[in-house]
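K.L.:
Pasting in a structure now, in structure tokens, and then I'll have a few things to ask.
Bear in mind these aren't lab numbers, they're just calculated from the coordinates by the rules spelled out. Owing to the predicted nature of the structure, the values given are computational and were not obtained by experimental measurement. Cβ sites come from the backbone with ideal geometry, for glycine too, and all protein chains shown count toward neighbours.
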Amino acid sequence: MNLSHEIKGEVCVISIENQVGEGVGLEFKNYIGAILLKDDTIKNFILDFEKAKSIDSRGIGVIASTIKVINKREGGLVFCGVPPEIFKIFSIVKLDKIIKFFPGREEALASF
């Protein structure tokens with residue numbers, strides 16, 4: 001998994017490439033944790049899945065724990081660019097009921 005991010009005001013956009021899950025869940029959690037520790041003004045996050053290939057239960061677990069941390073900051077989390085096969089998994093675990101999904105990054109940014 002490759003991760004990169006950019007800060008736009010109080011919004012951090014994290015781009016995810018390849019697989020989110022087994023063996024990379026801790027890396028993903030640490031990456032987001034480092035951003036949160038580095039800048040306490042960041043409250044809102046966009047996870048951009050445009051280049052993601054798959055996600056497994058460990059990746060979903062990391063996202064769930066990320067939601068808790070962001071909620072403590074009274075921030076928000078939205079997803080964009082989610083491929084249909086990954087969206088199907090999110091639907092199965094009902095993440096589509098608690099997370100807003102946007103087709104692209106600009107629409108996601110405009111939601112904050």
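K.L.:
May I ask you to list the aspartates and glutamates whose Cα is less than 15 Å away from that of Lys94, ignoring any residue fewer than eight positions away on the same chain?
P.N.:
Result set, ordered by chain and number: Asp56, Glu85.
K.L.:
May I ask you to list the lysines whose Cα is less than 22 Å away from that of Lys8, ignoring any residue fewer than eight positions away on the same chain?
P.N.:
Qualifying lysines at Cα under 22 Å: Lys29, Lys38, Lys43, Lys51, Lys68, Lys72, Lys100.
K.L.:
Still on this model: Counting only DSSP beta bridges with both residues in the chain, tell me the antiparallel percent, nearest 5.
P.N.:
Of the beta bridges lying entirely in the chain, close to 30 percent run antiparallel.
K.L.:
Also, quick follow-up: Taking a cut-off of 17 Å between Cα atoms, list the lysines near Lys53, but don't count ones fewer than 8 places away on the same chain.
P.N.:
The reachable lysines, counting only those whose Cα sits under 17 Å from Lys53, are Lys88.
K.L.:
Just the number, please: Stokes-Einstein D of the chain in µm²/s, Kirkwood Rh from C-alpha pairs, 37 °C, 0.692 mPa s.
P.N.:
Details: Rh = 13.8 Å.
Stokes-Einstein gives a translational diffusion coefficient of 238 µm²/s.
K.L.:
Right, another one. What size of dipole, in debye to the nearest 20, comes out for the range 2-110 about its Cα centre when the only charges are +1 on Lys and Arg C-beta atoms and -1 on Asp and Glu C-beta atoms?
P.N.:
360 debye
K.L.:
Over the chain, what relative contact order in percent results from Cα pairs under 8 Å that are six or more residues apart?
P.N.:
Once divided by the residue count of the chain, the mean separation gives 26 percent.
K.L.:
If you plug each phi of the range 35-47 into the Karplus form 6.51 cos²θ - 1.76 cosθ + 1.60 with θ = phi - 60°, what whole-Hz ³J(HN,Hα) values come out, in order, with x for Gly and Pro?
P.N.:
5, 5, 6, 6, 9, 7, 7, 7, 10, 10, 10, 10, 9
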